[in-house]
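Structure record follows, encoded as structure tokens.
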Amino acid sequence: MVEKILVPDVGGAEEVEVIEILVANGDMVNVDDSLVVLESDKASMEIPSPLAGKITDIKVTVGDKVDEGQLILELQVDAGDSVESVVAKVEIPEKSKSEPVKSEPVSKKAEEIQPEVASIEKLVSVPDVGDATDIMVTEILVKVGDIISPEDSIVVLESDKASMEIPTPFAGEVLEVLIGEGQEVNEGDGIIKLKAVGATESLPNEDPVVEVPVQTTESAKPTEGKAKGPLPEAVSKTIEAPKSSDKPVHAGPAVRKQARQYGVELSAVKGSGRSGRVLKEDIQAYVKKQLSAPKAAADSGSGIPAIPDVDFSRFGEIELAPLSRIKKASARNLHRAWLNVPHVTQFDEADITELEAFRKSQNLELAKEGVKLTPLAFLVKACVNVLIKYPQFNASIQSDYSNLVLKKYYNIGIAVETPDGLVVPVLKDVDKKGVIQIGNECGELAKLARDKKLPMDAMQGATFTISSLGGIGGTAFTPIVNAPEVAILGVSRSKMAPVWNGSEFKPSMMLPLSLSYDHRAIDGAEAARFTNALTQILGDVRRMLL
Ligand code: CAO
């Protein structure tokens with residue numbers, strides 16, 4: 001039989017917000033299993049199931065405002081257990097259960113529970129907290145010297161099932177905190193001593209009351225007479241497992257309220273309280289951190305909104321291809337370099353007609369030794385020649401812009417395509433090596449990279465990088481500087497082109513060059529001079545001897 005579970009009397013509070021739904025359709029629940037968490041202005045409470053059964057239809061969603069008697073959900077129960085509709089109830093203290101409900105006040109006069117209160121110095125004690133004993137003090141919300149007003153929360157107590165903020169009935173200055181976090185307390189134990197300030201002004205009825213965290217029964221009514229505010233003023237059950245996270249979050253209602261006010265997702269906050277309980281200070285620290293984060297991001301150039309992940313399967317079939325470790329690392333490095341380095345790319349063309357003729361003749365001679373030179377080996381050597389002439393390209397810029405670090409060694413990184421992604425092995429001390437050795441080492445490093453056998457130190461210490469796509473094709477591209485280097489040379493595919501020599505068009509093998517550089521370290525004119533020098537050397541490799 002299907003039963004309807006209704007919102008119980010929640011202390012007269014209206015439009016109570018559903019802040020968590022703790023069950024799902026199809027769940028089996030037992031009597032007293034919590035179903036939803038409701039929260040009014042001042043208290044949050046778990047609503048337990050009055051019956052055992054299977055949840056068939058949840059009628060509320062998070063954010064809904066509900067009133068007493070409103071349908072929460074439908075439950076499939078055994079016929080024997082059933083009634084037409086059942087009002088969920090909040091845990092009832094034994095004391096309240098045994099007494100006629102409407103005659104049970106939910107607040108008590110301060111005198112009743114604090115006979116030792118002096119006229120000026122007042123003692124605030126643990127009020128009647130139902131049948132709970134040895135309740136843990138989880139948070140002290142005030143300290144000596146604090147000026148507090150009536151109804152300010154002073155401590156958070158937590159029993160097995162509920163956490164409750166205890167408010168002060170008096171205004172005044174805190175003289176002494178009598179309990180400590182982690183301590184266990186019972187009804188009547190002193191919490192704080194207070195120098196009452198204008199107690200009669202703040203409570204004009206001269207009859208200060210402590211809001212007693214008496215839980216409502218299905219028929220209990222808000223206090224009449226001198227009670228202040230809605231009934232479950234200080235009652236709140238521990239709320240766990242917010243929808244957005246699998247991890248339970250422990251926090252009191254005041255902390256939750258503060259989190260909501262700041263728009264903080266509680267599950268994102270690391271709790272420093274007992275058992276990871278989130279405290280107000282944790283929320284404050286989290287907000288502070290978040291506020292300073294955009295500044296750091298802006299400093300690094302990354303203060304931009306992230307591109308959201310889209311569910312592409314809405315538009316058609318998709319497949320997920322996991323990125324290799326190398327691809328993940330280079331994605332991060334490229335992104336960082338792209339954001340940090342103001343890039344400019346200088347394009348140029350080198351006439352390598354003679355170089356190609358020389359290279360091919362050399363390859364014929366070297367073939368018997370198993371050596372083969374590609375244009376890349378000459379490019380590496382030519383680049384080092386120009387780097388020696390223009391040292392600001394063989395450099396790094398200090399992050400505070402105080403210096404350019406000029407390197408007196410010439411290590412050239414070579415971008416190598418591998419099945420797992422881009423790898424950049426480093427040819428060391430190229431200024432001390434000839435073109436054949438460079439060509440050989442380049443081939444060996446590329447092979448090691450593709451076989452995933454590159455040692456770590458073979459990928460470190462580059463001062464300048466060359467990315468050659470010439471073997472593949474293209475006319476030009478804009479490589480990303482391999483920061484903290486300040487320049488990278490992109491090489492595209494050479495092709496025959498008619499070049500005007502002053503009197504005629506001469507068929508020439510032209511090599512496209514794309515020099516990307518960090519504009520913080522290098523001026524555009526310097527970059528143009530660099531590629532000029534490079535094209536001249538490549539146009540006549542004898543210049544390398546000069
Ligand atoms: N123009 C015309 N032909 C070129 C050329 C150029 N600029 N550069 C190389 N070639 C030719 C070579 O001479 C060779 O020709 P043959 O097969 O006729 O002998 C052929 O292209 C293949 O060369 P290669 O690629 O094997 O050798 P390489 O020395 O030019 O390059 C290496 C070596 C490791 C750089 C290359 O294999 C590679 O991985 N390139 C890709 C680098 C890359 O991905 N860069 C992108 C980085 S940014 O995303």
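Assorted remarks:
- Every condition in (1) of a type in the set (D, E, K, R); (2) within 12 Å of the ligand (Cβ to nearest atom); (3) under 38 Å from the mean Cα position of the chain (by Cα); (4) surrounded by 18 or more Cβ atoms within 10 Å (Cβ to Cβ) is met by Glu441 except one, and the failing one is (3).
- Sole exception among (1) away from the ligand (no atom under 16 Å from the Cβ); (2) assigned to a loop (DSSP other than H, G, I, E, B); (3) not β-branched (Val, Ile, Thr) for Phe477, by number: (1)
- Residue match in the stretch 518-536 (condition: within 16 Å of the ligand (Cβ to nearest atom) and more than 16 Å from Val380 (Cβ to Cβ)): no
- Residue within the stretch 379-399 that is at pLDDT 95 or above, over 27 Å from Ala525 (Cβ atoms) and near the ligand (Cβ under 10 Å from one of its atoms) present: no
- Members of the stretch 1-40 that are without any contact (Cβ under 8 Å) to a residue 40 or more places away in the chain and out of contact with any Pro (no Cβ under 7 Å at 6 or more places or on another chain): Ala24, Asn25, Gly26, Asp27, Met28, Asn30, Val36, Leu38
- For the stretch 368-410, a residue qualifies if it is within 38 Å of the chain's Cα centre (by Cα) and in a helix (DSSP H, G or I), and exactly one does: Phe393.
- Selection within the stretch 30-61: residues that are farther than 28 Å from Glu165 by Cβ and not charged (D, E, K, R). The member of this set that is surrounded by the fewest Cβ atoms within 10 Å (Cβ to Cβ) is Asn30.
- Test: Asp451 is among the charged types (D, E, K, R), touching a residue at least 40 places away in the same chain (Cβ under 8 Å) and farther than 20 Å from Pro479 by Cβ: no
- Within the stretch 452-474, considering residues that are surrounded by 11 or more Cβ atoms within 10 Å (Cβ to Cβ) and of a type in the set (A, V, I, L, M), the one nearest to the ligand (Cβ to nearest atom): Leu469
- Any hit, the stretch 323-340, residues being surrounded by 14 or more Cβ atoms within 10 Å (Cβ to Cβ) and not in a helix (DSSP H, G or I): no
- In the set Thr61, Thr56, only one residue is assigned to a loop (DSSP other than H, G, I, E, B) and at pLDDT 80 or above; that residue is Thr61.
The values are calculated or read from the model by the stated rules, or taken from the named source; none is laboratory data. Only a predicted model underlies this, so the values are computations on that prediction, with no experimental measurement involved. FYI the Cβ positions are ideal-geometry reconstructions off the backbone, even for glycines, and counts take in every protein chain you see.
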